[in-house]
Amino acid sequence: MKKVVLAYSGGLDTTYCAIYLSRVKQMEVHAVTVQTGGFSEDELKKIEERAFGLGVASFKVIDVTRIYYDSCIKYLVYGNVLKNATYPLSVSAERMIQAISVAEYAKTLNADFIAHGSTGAGNDQVRFDMVFQGIVPELGIITPIRDMKLSREAEMAFLKENGVDLNFEKAKYSINKGLWGTSVGGKETLNSKDYLPESAWPTQVTGSGTRNIVLQFEKGEIVGVDGYTFGHPVEAIQFLQSIAQPYGVGRDIHVGDTIIGIKGRVGFEAAAPLIIIKAHHLLEKHTLTKWQLYWKDQLSTWYGNWLHEGMMLDPTMRNIEKFMEDSQQTVTGKVFVTLQPYHFMVTGIESEHDLMNSQFGSYGEMNNSWTGDDVKGFAKIFGNQVGIYHSVNKDKIALLKQDS
């Protein structure tokens, strides 16, 4: 029997794949679930039970939550990456790590094939395919749902025919939870007008009043929240999430361009990612020079777009990561955040690296490092070429449009 490694979540599509590959294709199916911080222990046990109930040859959980942070999330924070100034790349970043983990696992089993349950209608099919082609090009890629253009009803009918009568009632909303946020899809996200109702959000709002919290960063990484210091940033993210998400902050709907060329909308709740990125950005604005900020913005935008489009394996990404990591040497300090229902504010920072230092002057008030004559000379030299241009082209260039 040929050996196939199946990226397995326990949902309808991957359940279909497990039965189809083993009973129709007569393959030895090895199911693998990749934990990126979204599954509870109880959920993982149920997924395992379901997998063995389908007759797979083996089942494995690979916990890569910390690897996910170290290999990906860390750089999204360094870069203050928000796709279209909105979305913290919750799902796209997660899919990259999952695909890489499945491919590496397939190597250890000396598999003949590798399979995933993506449909032909979304981004994930491209992400998984490109990673598999890059890491295990010798393995054939099998995608039954996409290749046979199967409907949900056809999948359930097939499973019932094969003695698998699990309850796969279509949920009103599709939820994908991970360390860096939870995506929410439903009928409202399929059009351009409607917003998700309160009941659609996985975390209901229970926070009330005002709560002030302090985040501690060291070289760009969050290491503490409200006086608690954590051994790894993953723990700080999870703790902040538990505090902030009940306030209903970090919710939005992202509108973006998919890899396959169409526009799409997805809801998400990501309190900790949004707060961390905004807090980190403010700390950077105080501790980095304007040209550090400028070039980091250019590279970070490209990095986020390329990651979203499934190109995490591009070596250019490693080059940019080195730049971003080097830029964080002085990004250390405290950031103050205020939480209120449906709203948060990043109010200020404290850092020994703060470049807004009264020793050198106060903007609009007092300077301590230059004289008026210094500024006169600077302005004369700095604007010299523009002055020459207008002298040469006097009366030939309209400076202001005339009212007709």
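The values are calculated or read from the model by the stated rules, or taken from the named source; none is laboratory data. Bear in mind the structure is a predicted one, so any value in this text is a computation, not a measurement. Cβ: placed from backbone, ideal geometry, glycine included. Neighbour counts: every protein chain shown. What goes into the accessible areas is simple: the full protein's heavy atoms, side chains included, and nothing from ligands, DNA or RNA. Shrake-Rupley method; radii C 1.70, N 1.55, O 1.52, S 1.80 Å.
So here's what we get for this one:
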| quantity | calculated |
| --- | --- |
| DSSP-loop GluC sites (Glu not before Pro) across the stretch 9-67, with at most 12 other Cβ within 10 angstrom | none |
| Prolate/oblate/rounded call for the stretch 212-300, Cα gyration tensor, a/c under 1.5 rounded | oblate |
| Heavy-atom accessible area per residue - the stretch 35-100, 1.4 Å, Å² | 38 |
| Amide proton proximity set for D63, modelled H, under 5 Å, gap of 5+ | Q35 |
| Sequence-separation-based contact order of the stretch 148-233, relative, with Cα cut under 8 Å and 6+ spacing, percent | 12 |
| Loop-located GluC sites (Glu not before Pro) in the stretch 166-213 whose Cβ has at most 14 other Cβ within 10 Å (DSSP) | E169 |
| Longest exposed-site-free window of the chain, the sites being trypsin sites (Lys or Arg not before Pro) in a DSSP loop that have at most 11 other C-beta atoms within 10 Å | 194-393 |
| The stretch 270-374: chymotrypsin sites (Phe, Trp or Tyr not before Pro) in DSSP loop, at most 13 other beta carbons within 10 Å | Y342, F360, Y363, W370 |
| Under-5 Å amide H pairs with E28, H placed in peptide plane, nonlocal only | K2, K3, V4 |
| Options (i) 60, 46, 35; (ii) 87, 54, 47; (iii) 69, 63, 35 - which one matches Cα extents along the principal axes in Å as calculated here | (ii) |
| Value of relative contact order over the stretch 112-263, rounded to a whole percent, pairs C-alpha under 8 Å and six or more apart | 17 |
| Cα extents of the stretch 110-256 along the three principal axes, largest first (Å) | 55, 39, 33 |
| In Hz, Karplus ³J(HN,Hα) per residue of the stretch 178-188 (6.51, -1.76, 1.60; θ = phi - 60°; x = Gly, Pro) | x, 4, 9, x, 10, 8, 9, x, x, 4, 5 |
